[in-house]
Amino acid sequence: MKAEAKVGLLFLGSLILVVGFAYVMGIITPFSNNKSLNVRYNYAGGLEEGSPVRVMGIKVGKVRRIEFEPGFKTKNDEEVKLRVEIDVEKKAWASIRKDSKFFINLAGVIGEKFLEISPGSTNAEEFSSGDSVRGEDPPRIDQLISQSYGLAGKIIELVNKNEGSISNVIAQLDKLTTNFNKTLILLDKTSKNKDMARLLDNAIKISDDVAYLTGNLRSKKAEDTYALVQKLLFRLEPLDGPAIKKFFQEEGVKAKISF
Amino acid sequence: MFEHFVSFTEMTTHAIFSAFRPPVRIKESFQQLYFVANQSLIIIVFCVCFAAMVTILESSFHMRLVVQNDSMVPGFAAMLILRELGAVVTALLLTSRVGAGIAAEVGLMQTTEQIDALKMLGIDPVQYLVLPRLFACIFGGMILTIVADLVCIYSAMLVSDMYLGFSPAMFISGMRRFVHFKDLIFSVIKGASFGVVIPLVSCHFGFRCKSGAEGVGLATTNSVVTSSIVIIIIDFVLSYLFTHF
Amino acid sequence: MMGVISDAGKVVIFFFRILGVWKRKSISSQLMFEQIWKVTMQSALTTGMAGFFVGAIMTIQFTMQMKDFGALGYLGGLATSTTIREVGPLLIAFMLAGKVGAFTSAELGTMRVTEQIDAIRCLGADPIQELVLPRFIAIVISSFFLLGLGLLLSIFGGILLGEVFSGVSFEEYLRHIPTIVSLPSILTGLFKCFIFAVVLAVICTYRGYTTTGGAKGVGLAVVKTAVGTMVTIVIADWVTSLLADITLRAVLGT
Amino acid sequence: MIQFKGLVKKFGDRIVLKGLNLSVQKGEILFILGTSGTGKSVLLKNLMGLMKPDAGQIWIEGEEVSSFSEEQYLPIRRKCGLVFQQPALFDSLTVFENIAFGIRRHTKDSEQEIQKKVTKALGLVHLKNIENKFPSQLSYGMQKRVSLARTIALEPKVLLFDEPTTGLDPVTTSAINQLILELSRNLKTTSIVVSHDMRCALDIADRIIVMDQGSIIEIGTPEELKKSQVSLVKDFLSEVLEKEARQ
């Protein structure tokens, strides 16, 4: 074989590799027979192009494009200014009906956003490709989180001030947990959003866990646990303190965090 | 030092201008490309596989140290491979294989007065010798960087499957979160830039080669060292630039 | 393929020959210190520069990775730890391969093709004792000095870029170095550095010592040295990483 | 004094010496002539132990040395001095250190004695006041002389010359040849000169050997050689004789 031919072969090979890479990364999807939907939102909660789309927790596609459409109005005259175009694989198509709901959710520690579609009932019609649908605007989760950060900040303050007097700390923790519970119940009542309620349910469970933890604190293992808490605080320390503070100020939450 | 810089710039501008003048040595260029790309392929793939293994091992060590778990190793390793490792390891290997080879070859031509013979025949030695090598190294660098990147990621995937217990699917989904297609493009741009450096530096030292065995040895050594340093500096500049995209 | 294997075998035999000469014969300490000084001075600038820029590059890359998690405080620790364990020794070895390795093989190769090595033998001296051994030991010893230098400058480069690019003050950068860099890491780094230096020293002296065929041969020897050392170093890197990992697991029982 | 018996040397498939037999008398100047690549230099390197023969024996003063180790060869190398084709001076050492190199390795002489020996050796090759120069500062002809001085400084009993005049101008060539003759007579050494210069072989040799393709094709004194019927020898001779005739 001539040298030129071999070079050409290598060139082709590398081209195939690039295409393969693009395919694995999901940039080109030649074999798919996806259908697309336009979901309308007023608040996208940090959704990005390329974020996954899930039905019943299974990944079935991704967000292709997010665009601003300032003048758009739905049939019932509601102004919806964001158009999120999503690709959905064919296999999941049958599960998505006209009564499906389109949520924006948060997954994992890092907080990757994804678009969750609730399965519709079989009675309802299927969508056809390119249809428009109104999505459920997500709750302002960031505010809720910042309040939990405020809680964490208070715990840190407490531990710092009361080093040595474990019982005091426990008492304070107890008080805090109850307060948190109350807040959550209050929030539960005021919130009309169903999804919000689901989140709060979770939060209540968490605070129950905290209560259990404080119960544990009273046992013999108290000192171990205390040491663990301190270690945790030390590990938290290098997290960008000033940046978080700035974030809170922007959100209008007065959190006292003493890093 | 300064004098080197001047004559290097002179040669480079000369090479660039003569690129737009006939004759173009297409056959010779492909011969060189064959030498640069095809014949370095095995050695680069081999080395990059080992580099991938080390990257995975070390990333997992550090992730466990800092975050106490290594769930993000695939993403980070893939990112590191695409942004730095693939292009730089390829370039350094090309420096030693191709760069040193060019310096020795051109240096030998200089000491045996073949370059002067070319001039006597009315052939521009820069156009005759440098351009085909420049072409070959730029394209070879790009192709080899692509191959190295993807082979490296693939072997990283295998290693993390065997050693850390990440299935390939987990690896790919982890990779998707941190790596973008533009990273591969940046990597190829790096490969091409390094490909510019290697033949120019090597030819520069080759042309200035003093006679005798000692001269050839010195020219080869200097070209390897200078290319490596310039590659690292250019890598720094490009990495810095790419963070703005 | 067979060529590679037989080359590897010859290099190993040559290594044992050097060790044999070292065991049996005295080595002139003056000659050795001369070489150590020469090697260190020759490569100090290159290694330092490379160290500085690698520190800077790593800071940029780590910043990109960690900015999203707000964990920039760990930047200094991580960049330094990676340098000590992995990048430092590898970088020093690559730089030494280019600078000292190529230079030594060119030097010995020149002496071989101009019959200086034969002249030494004719004058009743052992060229391995006179030429190879001092260079071998010098490369191994200087690599540690150069590792220190490269490391210092890479930390310096990291600090500078941390300040300019990532907005991490140098105090914060330095503060987290001791929490992440542990004794095993340092030992791993030193061990790696030692192995790379030995590999490099054997290959470049072997290639130089066995050069044939005039100026062309010297050029070829240098190319072979550069390629051979880099490939072997990458392999040795993996082997030592694995060995270090296994040893640490065995010792610490984790 | 020196005897080769059935010496065979191969490089891969190429046989360079094909069972060579030769004995060298004490005190004679022996020239080995032949075209390039006929194994003349290889013969010398075998004698010095720089290469090992594949078969055959080498006897030096009643010792069979072909199987000697590097250590055992040391006294032999003291006895035989080889002058290389290239000057092969150590670039990093001064002329003085170059010449003293061998003396320091072989003897326990004091610095003054070494100084004296170096000056004497340089004097023998008609050089002085260059002890502190580096080889690169000397002309090629001077480098060759220093190289000669480095060899004779050890006072060897046998002097081996590997193409001493190749690549030199006619003036330096005759000077070097004169030196070889002088040194051999004055120091009473046995000399073996590998060369392809028939002219000076006829002038200064006691015996001449002509080699072709790894074996000896003619042997004899200069006078005997002139009457030789071997074609290669005739070719060698004709050039020289023609020149003489023209003059």
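The values are calculated or read from the model by the stated rules, or taken from the named source; none is laboratory data. Just so you know, these numbers come straight off a predicted model, no measurement behind them. Cβ atoms come from the backbone with ideal geometry, glycine included; neighbour counts cover every protein chain shown. Surface accessibility is based on the protein's heavy atoms, side chains included, excluding ligands, DNA and RNA. Shrake-Rupley method; radii C 1.70, N 1.55, O 1.52, S 1.80 Å.
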Tally the residues that are open to solvent by 60 Å² or more (accessible area, probe 1.4 Å), part of a strand (DSSP E or B) and either at pLDDT 85 or above or touching a Gly at 6+ places or on another chain (Cβ under 8 Å) (or both), restricting the search to region D:50-64.
2
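Considering only helices (runs of 4 or more DSSP H) fully contained in region C:106-216, which possess at least 2 residues that are within 30 Å of B:LEU65 (Cβ to Cβ) and touching a Lys or Arg at 6+ places or on another chain (Cβ under 8 Å)?
Values: elements: C:116-122, C:133-161, C:170-175, C:177-180, C:183-209.
Counting at least 2 such residues, we get C:183-209.
For every residue, the table says whether it meets (1) in contact with a Phe, Trp or Tyr (Cβ under 8 Å, 6 or more places away or on another chain); (2) at the interface with another protein chain (Cβ under 9 Å from one of its Cβ atoms); (3) not hydrophobic (A, V, I, L, M, F, W, C).
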position: B:MET170; (1), (2), (3): no, no, no
position: B:SER173; (1), (2), (3): no, yes, yes
position: B:LEU184; (1), (2), (3): yes, yes, no
position: B:PHE205; (1), (2), (3): no, no, no
position: B:ARG208; (1), (2), (3): no, no, yes
Note on region D:2-49: residues of a type in the set (Gly, Ala, Ser), open to solvent by 40 Å² or more (accessible area, probe 1.4 Å) and part of a loop (DSSP other than H, G, I, E, B) are D:GLY12, D:SER36, D:GLY37
Among (1) away from chain C (no Cβ under 13 Å); (2) in contact (Cβ under 8 Å) with a residue 12 or more places away in the chain, there is one condition B:PHE5 misses while meeting the rest; what is its number?
(2)
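Keeping to region C:11-41, report how many residues are touching a Phe, Trp or Tyr at 6+ places or on another chain (Cβ under 7 Å) and either open to solvent by 50 Å² or more (accessible area, probe 1.4 Å) or of a type in the set (Ser, Thr, Tyr) (or both).
Narrowing region C:11-41 to residues touching a Phe, Trp or Tyr at 6+ places or on another chain (Cβ under 7 Å): C:11, C:14, C:18, C:40.
Cutting the leftovers down to either open to solvent by 50 Å² or more (accessible area, probe 1.4 Å) or of a type in the set (Ser, Thr, Tyr) (or both) gives us C:40.
Of the residues in that region, 1 qualify.
Look at B:GLU10 and say whether it is acidic (Asp, Glu), more than 21 Å from the chain's Cα centre (by Cα) and part of a helix (DSSP H, G or I). It would help to see each step written out before you state the result.
On the way: acidic (Asp, Glu): yes; more than 21 Å from the chain's Cα centre (by Cα): yes; part of a helix (DSSP H, G or I): yes.
Spelling it out, B:GLU10 is indeed acidic (Asp, Glu), more than 21 Å from the chain's Cα centre (by Cα) and part of a helix (DSSP H, G or I).
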Take the residues of region C:114-147 that are away from chain D (no Cβ under 14 Å) and open to solvent by 30 Å² or more (accessible area, probe 1.4 Å): which is nearest to D:ASP162 (Cα to Cα)?
C:ILE141
When you check B:TYR163 against the structure, is it open to solvent by 60 Å² or more (accessible area, probe 1.4 Å), within 11 Å of another protein chain (Cβ to nearest Cβ) and closer than 12 Å to B:GLY86 by Cβ, yes or no?
no
Filter pass, D:THR119 being open to solvent by 50 Å² or more (accessible area, probe 1.4 Å), under 21 Å from D:THR165 (Cα atoms) and among the hydroxyl-bearing types (Ser, Thr, Tyr)
no
B:PHE166 passes all but one of the listed conditions (1) assigned to a helix (DSSP H, G or I); (2) touching a Pro at 6+ places or on another chain (Cβ under 7 Å); the exception is number (1)
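Filter region D:188-247 down to residues that are among the β-branched types (Val, Ile, Thr), open to solvent by 20 Å² or more (accessible area, probe 1.4 Å) and not in a loop (DSSP other than H, G, I, E, B), then give me how many there are. Give the steps one after another, and end with the answer.
If we filter region D:188-247 for residues that are among the β-branched types (Val, Ile, Thr), which is where we start, we get D:189-190, D:192-194, D:204, D:208-210, D:216-217, D:219, D:221, D:230, D:233, D:240.
Retained after the next criterion (residues that are open to solvent by 20 Å² or more (accessible area, probe 1.4 Å)): D:216-217, D:219, D:221, D:230.
Retained after the next criterion (residues that are not in a loop (DSSP other than H, G, I, E, B)): D:216-217, D:219.
Summing the residues that are among the β-branched types (Val, Ile, Thr), open to solvent by 20 Å² or more (accessible area, probe 1.4 Å) and not in a loop (DSSP other than H, G, I, E, B) in region D:188-247 gives 3.
Rundown of residues vs (1) in a loop (DSSP other than H, G, I, E, B); (2) under 25 Å from C:PHE62 (Cβ atoms); (3) at pLDDT 85 or above, yes/no style:
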residue: B:ILE143; (1), (2), (3): no, no, yes
residue: B:ARG177; (1), (2), (3): no, yes, no
residue: B:PHE186; (1), (2), (3): no, yes, yes
residue: B:SER193; (1), (2), (3): no, yes, yes
residue: B:ILE198; (1), (2), (3): no, no, yes
residue: B:SER202; (1), (2), (3): no, no, yes
Keeping to region D:147-187, report how many residues are part of a loop (DSSP other than H, G, I, E, B), touching a His at 6+ places or on another chain (Cβ under 8 Å) and hydrophobic (A, V, I, L, M, F, W, C).
1
Check on C:LYS99, open to solvent by 30 Å² or more (accessible area, probe 1.4 Å) and facing another protein chain (nearest Cβ under 7 Å):
yes
Checked B:LEU238, B:LEU184, B:LEU164 against criteria (in contact (Cβ under 8 Å) with a residue 40 or more places away in the chain and over 16 Å from the mean Cα position of the chain (by Cα)); the one match is B:LEU164
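Taking region D:65-90, which residues are in a loop (DSSP other than H, G, I, E, B), more than 10 Å from every other protein chain (Cβ to nearest Cβ) and either open to solvent by 10 Å² or more (accessible area, probe 1.4 Å) or on the phi > 0 side of the Ramachandran plot (or both)? Outline the logic, then answer.
Taking region D:65-90 first, the residues in a loop (DSSP other than H, G, I, E, B) are D:65-69, D:84-90.
In the following step, the residues that additionally are more than 10 Å from every other protein chain (Cβ to nearest Cβ) were identified as D:65-69.
Selection gives D:SER66, D:SER67, D:PHE68, D:SER69.
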Could you give me the residue pairs with C-beta distances under 9 Å whose first residue belongs to region C:1-28 and is among the acidic types (Asp, Glu), whose second residue is open to solvent by 90 Å² or more (accessible area, probe 1.4 Å) and part of a helix (DSSP H, G or I) wherever it lies, and which are 6+ apart or on separate chains?
C:ASP7/C:LYS224
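Just give me the residues in region C:55-69 being open to solvent by 20 Å² or more (accessible area, probe 1.4 Å) and either in contact (Cβ under 8 Å) with a residue 40 or more places away in the chain or at positive phi (or both), in sequence order. Before the answer, list the steps.
Residues of region C:55-69 that are open to solvent by 20 Å² or more (accessible area, probe 1.4 Å), as a first pass: C:58, C:62, C:64, C:67-69.
C:MET58, C:LYS67 - these are the residues of region C:55-69 that are open to solvent by 20 Å² or more (accessible area, probe 1.4 Å) and either in contact (Cβ under 8 Å) with a residue 40 or more places away in the chain or at positive phi (or both).
How about region B:40-122: which helices (runs of 4 or more DSSP H) wholly inside it have at least 2 residues that are under 25 Å from B:THR221 (Cα atoms) and more than 9 Å from every other protein chain (Cβ to nearest Cβ)?
Details: elements: B:73-80, B:86-94, B:100-111, B:114-120.
Answer list for region B:40-122: B:86-94, B:100-111, B:114-120.
Yes/no per residue for (1) more than 14 Å from chain B (Cβ to nearest Cβ); (2) part of a strand (DSSP E or B):
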position: A:LEU9; (1), (2): no, no
position: A:LEU17; (1), (2): no, no
position: A:LEU47; (1), (2): yes, no
position: A:ILE66; (1), (2): yes, yes
position: A:ASP77; (1), (2): yes, no
position: A:ASP87; (1), (2): yes, yes
position: A:ASP99; (1), (2): yes, no
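Only one of these is surrounded by 20 or more Cβ atoms within 10 Å (Cβ to Cβ), among the aliphatic types (A, V, I, L, M), more than 12 Å from chain C (Cβ to nearest Cβ) and assigned to a helix (DSSP H, G or I): B:LEU218, B:LEU129, B:LEU158. Name it. Before the answer, list the steps.
Details: B:LEU218 fails: more than 12 Å from chain C (Cβ to nearest Cβ); B:LEU158 fails: surrounded by 20 or more Cβ atoms within 10 Å (Cβ to Cβ).
Matching residue, one of B:LEU218, B:LEU129, B:LEU158: B:LEU129.
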Working only within region C:203-228, note down all residues that are out of contact with any Leu (no Cβ under 8 Å at 6 or more places or on another chain), open to solvent by less than 30 Å² (accessible area, probe 1.4 Å) and among the hydroxyl-bearing types (Ser, Thr, Tyr).
C:TYR206, C:THR225
